[in-house]
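The values are calculated or read from the model by the stated rules, or taken from the named source; none is laboratory data. Since this is a predicted model, take the numbers as computed values, not measurements. Remember, those area values only see protein heavy atoms, side chains included, never the ligands or the DNA or RNA. Shrake-Rupley method; radii C 1.70, N 1.55, O 1.52, S 1.80 Å.
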Amino acid sequence: MACRGDASSVMNAIEKFAHDVQWLKVAGECKARVLAELVVLAKPSLCVELGTYCCAYSAISMAERLKTWGGLVVSIEADAINACIARCIVMFAGLSDHVEILAGRSHDRIGDLVKRFGTKSVDMLFLDHCMTIYHIDLERVKSKHLLKEGAIVIADNVLCPGAPEFLWY
């Protein structure tokens, strides 16, 4: 059962629901540990996630760590309904000060990030949306000069189901 303001209990409830009731694609278990460890090591001030889905699982996981130093996760979700649901879950988890969900397609919203945060502002980029455009969105982020020197880029599901263009890129 999830408790209001307890991000860990919210993540556990999402994992249980995904396992017991309804298949949900969440970066849980060992993937979640790797992502959390990278956040702790990198200590990003601004982490951008492309692909929130409906439960904001990864955004909550990252924000739970980076709230310690006041960081922010900005997650972009193409589906407006999923974005709305994700915002509610983030609020329930007590992380609204550290997670912002933007509705819209990544190629439209990346420019908004430049306007809001400026160039060289993103410490960490997590690609977790449409694997067939990972390489396109990474190039778009790079062409807008959003990544700080030494920024970390993480991409989920590149081997299975696969993102061969991204891997080649």
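Any idea what % of Cα-Cα pairs in the chain are farther than 22 Å? More than 22 Å apart: 38 percent of the Cα pairs in the chain. For the range 34-116, which whole-number percentage of the solvent-accessible area (1.4 Å probe, protein heavy atoms only) is attributable to carbon and sulfur atoms? It is 57 percent, rounded to a whole number. For the chain, modelled as a GNM whose springs connect Cα atoms under 10 angstrom apart, the maximal fluctuation among 70, 111, 150 occurs at 150. For the options 74, 40, 141, a Gaussian network treatment of the chain with springs between C-alpha atoms closer than 10 Å singles out 40 as fluctuating the most.
Amide hydrogen proximity for residue 75: with H placed 1.01 Å from N in the peptide plane, the residues at 5 or more positions away or on another chain lying under 5 Å are 49, 100, 101, 102.
Rolling a 1.4 Å probe across the protein heavy atoms gives the chain an accessible surface of 52 Å² per residue. In order along the range 125-131, the Karplus-derived 3J(HN,Hα) couplings, from 6.51 cos²θ - 1.76 cosθ + 1.60 at θ = phi - 60°, round to 10, 10, 8, 8, 10, 8, 4 Hz, and Gly and Pro are given as x. Using θ = phi - 60° in the Karplus curve 6.51 cos²θ - 1.76 cosθ + 1.60, the 3J(HN,Hα) couplings for the range 80-86 round to 4, 5, 4, 4, 5, 4, 4 Hz; x is entered for Gly and Pro. Under 1.5 on a/c is rounded, so check that first for the range 62-114, then, if it is not, pick prolate when a/b is larger than b/c and oblate when it is not; a ≥ b ≥ c are the square roots of the alpha carbon gyration tensor eigenvalues. Note, shape of the range 62-114 comes out oblate.
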